[in-house]
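The values are calculated or read from the model by the stated rules, or taken from the named source; none is laboratory data. All values reported here derive from a predicted model rather than from experimental measurement. Reconstructed Cβ throughout: ideal geometry from the backbone, glycine too, with neighbour counts over all protein chains shown.
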Amino acid sequence: MAAGIDLHLWSLNQPERADYDDELFSRISSPGIYVDANREGSVGKLCYLKHLRHLKQTIRQVRPDILHAHYATSYGLLGALSGMKPLLISVWGSDVMSFPEKSPIHWFILKTVLSRAALVQASGEFLRKITEQFTDKVKVVNFGLENSFFSRNPVKVTGVVPEIVIGSIKSLESHYRIDVLIKAFAIVKKKSEVSRNLKLLIVGDGALKPDLHKLAAQERISDVVEFIGRQLYSSIANFHGRMDIHVCASERESFGVSILEAMALGIPVICSDIPAFDELVTDGVTGLRFRQGEPDNLAEKILSLINDVALKQSLLTNAAERAQNYKLDRCVTSQFEIYRSLLSKRV
């Protein structure tokens, strides 16, 4: 119980006991199945429907005032079929971006599910615009960062550093385009006057890990590339802290959480020019943008940050100011206001 909110969590996955304290663990219900998040839109996901009965039983036991379902095409679908009202659905990306493109049936399922919701939440403006293709009941509640991301002292940029670390924190999957970053880094190594001081830090794991190792070898930079692997979220800020420049080369995203983390921590950002990043990164103001999929253009942007101390300081100052809008307490306040609004309509 906090701020008048009594939270009960229903999850398809069986939670790990070590991840929760006793009070919160006692408020979790689950049918105890394994959910493969990579099977978006597959027929296999229909097995979720057999657990609708368990959800309905939990609703009868808990008697919630609001059912808040996260991810429209799994929990949102179950929530819609449960008949519980008011239903609030949060969309998070592929549920409204790739799922409806699979077939007219997928499109119809999504539109039907969202029509059952009293309100639909999106984590940013880009996702709101995408979701408004299916419903006009969309409100933005931004993804919020804990205060620990804002606790560092203001960054002052100096002209000379012993080592320059360029980094990425993303899964090693195709749409994050880590290959573009590796190729760009190789170009920078050849052109930069400080090439001997350059390092590349790649945090994350995924299906493309062997291919990316091979690419680094082909580009003859294996000795200065460090593949860290997947890390607990509690340690992510520490890995950001090892970076002098954060790069996000994605070709498809819904918001850009790693970009926001870097901005809050005082790490200059370079990202691709996909629309999802427009909300956070204004080119030349809060970060630099490069033409998606073009290593040469990314290399130019990296070199400009390495060589222009004044530009780097300006970006950091503006980025830190913008990041303030995404503090967790602000986002929680917005979430509570939505809950109160839904409840007031029941009276």
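Data overview
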read-out	value
Hey, GLU300 of a type outside the set (A, V, I, L, M, F, W, C), assigned by TED's automatic domain parsing to the domain that holds ILE164 and in a loop (DSSP other than H, G, I, E, B) or not	no
Residue within segment 190-208 that is over 21 Å from GLU261 (Cβ atoms), in a helix (DSSP H, G or I) and of a type in the set (Val, Ile, Thr) present	no
Identity of the residue in segment 268-283, of a type in the set (A, V, I, L, M) and in contact (Cβ under 8 Å) with a residue 40 or more places away in the chain, that ends up nearest to VAL180 (Cα to Cα)	VAL269
Test: residue in segment 142-156 that is in a helix (DSSP H, G or I), buried (at least 22 other Cβ atoms within 10 Å of the Cβ) and at pLDDT 95 or above	no
Residue count for segment 103-129, restricted to those that are within 25 Å of PHE277 (Cα to Cα) and touching a residue at least 60 places away in the same chain (Cβ under 8 Å)	7
Hey, VAL113 farther than 21 Å from GLU337 by Cα, in contact with a helix residue (DSSP H, G or I) (Cβ under 7 Å, 6 or more places away or on another chain) and assigned by TED's automatic domain parsing to the domain that holds GLN335 or not	yes
Boolean, SER258 is more than 30 Å from VAL140 (Cα to Cα) and either in contact with a His (Cβ under 8 Å, 6 or more places away or on another chain) or buried (at least 23 other Cβ atoms within 10 Å of the Cβ) (or both)	no
Filter pass, SER222 being of a type in the set (Gly, Ala, Ser) and more than 21 Å from LYS190 (Cβ to Cβ)	no
Some residue of segment 284-293 being under 22 Å from ASP179 (Cβ atoms) and at pLDDT below 95	no
Residue match in segment 305-316 (condition: free of Cβ contacts under 8 Å to residues at least 60 places away in the same chain, of a type in the set (Asp, Glu) and in a helix (DSSP H, G or I))	no
Selection status of GLU253, part of a helix (DSSP H, G or I) and charged (D, E, K, R)	no
Residue list for segment 84-98, restricted to those being modelled with pLDDT of 95 or more and small (Gly, Ala, Ser)	SER90
All positions within segment 267-297 that are part of a loop (DSSP other than H, G, I, E, B) and under 28 Å from SER235 (Cβ atoms)	ILE267, PRO268, ILE274, GLU279, LEU280, VAL281, THR286
Flag if ALA264 is surrounded by 16 or more Cβ atoms within 10 Å (Cβ to Cβ) and in a helix (DSSP H, G or I)	yes
Residue identified as of a type outside the set (Lys, Arg) and under 16 Å from ALA184 (Cβ atoms) among ALA249, ALA276, ALA320	ALA249
Complete set of residues in segment 95-132 that are in contact with a Gly (Cβ under 9 Å, 6 or more places away or on another chain), of a type in the set (Gly, Ala, Ser) and buried (at least 19 other Cβ atoms within 10 Å of the Cβ)	ALA117, SER123, GLY124
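Per-residue answers, yes or no, for (1) assigned to a helix (DSSP H, G or I); (2) of a type in the set (A, V, I, L, M, F, W, C); (3) surrounded by fewer than 18 Cβ atoms within 10 Å (Cβ to Cβ); (4) modelled with pLDDT of 95 or more:
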site: VAL160; (1), (2), (3), (4): no, yes, yes, no
site: SER168; (1), (2), (3), (4): no, no, no, yes
site: VAL180; (1), (2), (3), (4): yes, yes, no, yes
site: PRO210; (1), (2), (3), (4): yes, no, yes, yes
site: HIS213; (1), (2), (3), (4): yes, no, yes, yes
site: PHE227; (1), (2), (3), (4): no, yes, yes, yes
site: GLN231; (1), (2), (3), (4): no, no, yes, no
site: SER235; (1), (2), (3), (4): yes, no, yes, no
site: VAL247; (1), (2), (3), (4): no, yes, no, yes
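Table: residues versus (1) over 24 Å from the mean Cα position of the chain (by Cα); (2) not β-branched (Val, Ile, Thr).
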position: ARG177; (1), (2): no, yes
position: VAL180; (1), (2): no, no
position: GLN218; (1), (2): yes, yes
position: GLN231; (1), (2): no, yes
position: ALA237; (1), (2): no, yes
position: GLU251; (1), (2): no, yes
position: SER258; (1), (2): no, yes
position: ILE274; (1), (2): no, no
position: PHE277; (1), (2): no, yes
